[in-house]
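Below is one structure, written out as structure tokens; the observations come after it.
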Amino acid sequence: MVLTVRESGADAGADFEGLRASGGVVRELTGLGEAAFVRADGSTVVRKDGMVLVVDVSGLPDPFGFPARGRADLSVMAATTVMTCWKEHVVK
């Protein structure tokens, strides 16, 4: 599992939409960041505060862990955990 935060600033929307177009959206997620979706490979993408979080689970077997869970479920849980602690930081 690889977690990446892309600092896109004003281009976060375009970055987010580019990831949406390239990965095949399986499911839109509500209540997570400003917008979020699960990709065909089970990875989760979230946009918030000019940044885009990608929880890439494409390298994990499906199912994974004990108890066994699907990759998409794992990526949504990881993204939810990160977003619970996410705070906007303004650099002055």
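Along the stretch 18-32 the Karplus relation, 6.51 cos²θ - 1.76 cosθ + 1.60 evaluated at θ = phi - 60°, assigns HN-Hα couplings of x, 5, 4, 5, 8, x, x, 5, 9, 8, 7, 10, 10, x, 10 Hz to successive residues, with x for each Gly and Pro.
Under a 5 Å amide H cut-off, with hydrogens placed 1.01 Å from N, Ala35 pairs with Arg47 among residues at least 5 apart or on other chains. Take Val2: with every protein chain present and a 1.4 Å probe, its accessible area is about 80 Å². When the Cα positions of Ala40, Phe16, Leu74 are compared along the charge dipole of the chain, Leu74 comes out farthest toward the positive end, with charges on each C-beta of Lys, Arg, Asp and Glu.
Each Cα pair under 8 Å and six or more residues apart adds its separation to the average, and for the chain the resulting relative contact order is 27 percent. Solvent exposure of the chain amounts to 59 Å² per residue of accessible area, where only protein heavy atoms count and the probe is 1.4 Å.
The values are calculated or read from the model by the stated rules, or taken from the named source; none is laboratory data. Predicted, not measured: the structure shown is a model, and the values here were computed from it. Glycine also receives a Cβ, built like all others from the backbone with ideal geometry; neighbour counts cover every protein chain displayed. In case anyone asks, the SASA skips ligands and DNA or RNA and just uses the protein heavy atoms, side chains included. Shrake-Rupley method; radii C 1.70, N 1.55, O 1.52, S 1.80 Å.
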